[in-house]
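Here, each number is a calculation from the coordinates, and none is a lab measurement. Nothing here was measured: the structure is a model prediction, and the numbers come from that model. For neighbour counting, all protein chains shown are included, and Cβ atoms are generated from backbone atoms with ideal geometry for every residue, glycine included.
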Amino acid sequence: MNQSSRPQSDEVLIQTYFQGIVSMFKTYMGILIMMISTTTFAACPDLYNHQFTTLQGGKIDLCDYQNKPIIIVNTASKCGFTPQFETLESLYKRYQPKGLLVVGFPSNDFRQELASDKEIGDFCVNTYAVKFPMITKTSVTGPNANPLHKQLIEITKQAPMWNFYKYVILPGGKHVYAYSSDVDPGSDEIMGKIKPFLK
């Protein structure tokens, strides 16, 4: 009787053993998935979790630039500060290989922007040979402000008062600075913050 029951006992032991392995595997997989999800989420801080379509027809994901200094500027084609495009493009051409990102946000909030994205794009390219990313026309102030500008306003407590208002985001988003329209993009005031992070 003992000999006949032994195979059944061995079978139960083997079955229990494999069930234990399967259970452990499921547990480890669950933990791994949670770790990956947490890492992915943590890898992109809230301030950078924005994706935009550009006038050039491309896509830009700020998560890809969280370790780089960024200049965010709201632009307009018919403003007294519009010649700042020249300086912005010069900075981008010179420092983009070293890590600088410049992003323009065309806006008609101050009634000085052209009607369509195509007109804006053509103006930027034909007048100032702009190659830095320019986002499709948007709002940067008030309740209709795009989500990024809402965050920048909340962080700095300063909303754009006019065209070519600039925000400098340092790597990791640990420091964000706001600059009024009359501060030149290439000024020591701005570049002094950015240059230590250029490679």
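What's the exposure ranking of R111, R94, going from fewest to most Cβ atoms within 10 Å?
Ascending number of Cβ neighbours within 10 Å: R111, R94.
So for the stretch 46-197, taking the charge dipole from beta-carbon charges (+1 Lys/Arg, -1 Asp/Glu), which of L62, T138, N163 sits furthest toward the positive end?
With unit charges placed on the Cβ atoms, the residue in question is L62.
So how do K199, K93 line up by other beta-carbon neighbours within 10 Å, fewest first?
K199, K93
What is the spin-label model distance, in nm, from S90 to E119 if the labels are put 7 Å beyond Cα along the C-beta direction?
Label at S90, label at E119, 2.9 nm between them.
Taking neighbour Cβ counts within 10 Å as the exposure measure, how do I190, I169, I120 sort from fewest upward?
Ascending Cβ contact count within 10 Å gives the list I190, I120, I169.
Go through the stretch 173-185 residue by residue and turn each phi into a ³J(HN,Hα) via Karplus (6.51, -1.76, 1.60, θ = phi - 60°); whole Hz please, and just put x for glycine and proline.
Rounded to whole hertz, the list is x, 6, 9, 10, 10, 10, 9, 6, 4, 7, 8, 5, x.
Per the Kirkwood formula on distinct C-alpha pairs, the Rh of the stretch 102-183 is how many angstrom?
13.5
Strictly over 25 Å apart at the Cα level, which of K78/K193; K118/K174; K150/K199; K98/K118; K137/K195; K150/K193 would you flag in this model?
As for pairs spanning more than 25 Å Cα to Cα, those are K78/K193; K118/K174; K150/K199; K98/K118; K137/K195.
How would the stretch 46-197 be classified by its alpha-carbon gyration tensor: rounded, prolate or oblate, with rounded meaning a/c under 1.5 and the a/b versus b/c comparison settling the rest?
Verdict is rounded for the stretch 46-197.
Using the Karplus curve 6.51 cos²θ - 1.76 cosθ + 1.60 with θ = phi - 60°, what ³J(HN,Hα) values do you get for each residue of the stretch 154-169, in whole Hz, with x for Gly and Pro?
3J(HN,Hα) across the stretch 154-169, in whole Hz: 5, 5, 8, 6, 9, 9, x, 8, 6, 5, 6, 7, 10, 10, 10, 10.
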